[in-house]
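Peer 1: I am attaching a structure below and will ask some questions about it afterwards.
The values are calculated or read from the model by the stated rules, or taken from the named source; none is laboratory data. In this text the structure is predicted, and so the values were computed from the model without any measurement. For neighbour counting, all protein chains shown are included, and Cβ atoms are generated from backbone atoms with ideal geometry for every residue, glycine included. Heavy atoms of the whole protein, side chains included, go into the accessibility calculation; ligands, DNA and RNA do not. Shrake-Rupley method; radii C 1.70, N 1.55, O 1.52, S 1.80 Å.
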Amino acid sequence: NATLTIEPGTIVIGQPGSEPPSVLVVTRNGKMVAEGTRSRPIIMTSALNPGDRSRGDWGGLIMLGKAPINVGANTSGKNNSSGEFYIEGLPASEDTKYGGDDPEHSCGSLRYVRVEYAGSIFAPNNESNSFTFGGCGTKTKADFLHATYGLDDSFEWFGGTMNASHLVGGLGADDYVDFQLGFTGKIQYGIFYQDADYKGN
């Protein structure tokens, strides 16, 4: 039930090597306002020194909301109600639950935010993304976002109704945009690029 406000120009540090790896999670009862500017973006990156950083150093940004998702009850052996689920990669708990019946729910506001070196592997075939949105609604704002050097997807949506625009994804190791569980929002203006010499991890 709190709002985390991150000022323009702030650098958020993700600590590698912790168990589980560090990750910034905004639960569906809270919200985050991270509004950088063109000249003072908010950067979320690895705590390692430049030159020592690599994909998957930390878990990235996860925002959870109460907008509808397409999930039935007790899915995949989880004790979840219909229309609610637990975000992948993290232990099932009230803090990792998302979904609901409020298509206008706000997870907060992101503007000029860059996430680097994210995508920690929490379990086999169960990584986090640079930006993860679970059940975020139409009052969520997401513009001018940049994901780079991620180990998993640059941007992934699990249901929800939010819109996003001006997305840049680069030098990742998996999908640049990924949608599942009934996402019904709109994504406008995206550029996604890869290094021609990249051979995978």
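Peer 1: Would you check if there is a residue in the stretch 49-60 being open to solvent by less than 40 Å² (accessible area, probe 1.4 Å) and either under 14 Å from Tyr98 (Cβ atoms) or among the acidic types (Asp, Glu) (or both)?
Peer 2: Yes - at least one qualifying residue is present in the stretch 49-60.
Peer 1: Out of curiosity, is His146 open to solvent by 10 Å² or more (accessible area, probe 1.4 Å), assigned to a strand (DSSP E or B) and more than 22 Å from Ile13 (Cα to Cα)?
Peer 2: no
Peer 1: Let me ask something else about it. Pull up the stretch 77-121, narrow it to residues that are in a loop (DSSP other than H, G, I, E, B) and of a type in the set (S, T, N, Q), then point me to the one that is modelled with the highest pLDDT.
Peer 2: Ser106
Peer 1: Something else now. Please go through (1) on the phi < 0 side of the Ramachandran plot; (2) under 19 Å from the mean Cα position of the chain (by Cα) for Thr37 and return the number of the only condition it doesn't satisfy.
Peer 2: (2) is the only condition that Thr37 fails.
Peer 1: While we're on this one: Give just the number: which of (1) open to solvent by 40 Å² or more (accessible area, probe 1.4 Å); (2) free of Cβ contacts under 8 Å to residues at least 24 places away in the same chain does Asp174 not satisfy?
Peer 2: (2)
Peer 1: Check Thr161, Thr132 and return the single one that is surrounded by 16 or more Cβ atoms within 10 Å (Cβ to Cβ), on the phi < 0 side of the Ramachandran plot, in contact (Cβ under 8 Å) with a residue 24 or more places away in the chain and in a strand (DSSP E or B).
Peer 2: Thr132
Peer 1: Kindly provide the set of residues from the stretch 1-31 that are in contact (Cβ under 8 Å) with a residue 12 or more places away in the chain, more than 30 Å from Asp102 (Cα to Cα) and more than 16 Å from the chain's Cα centre (by Cα), ordered by number.
Peer 2: Selection gives Gly9, Thr10, Ile11, Gln15, Pro16, Pro20.
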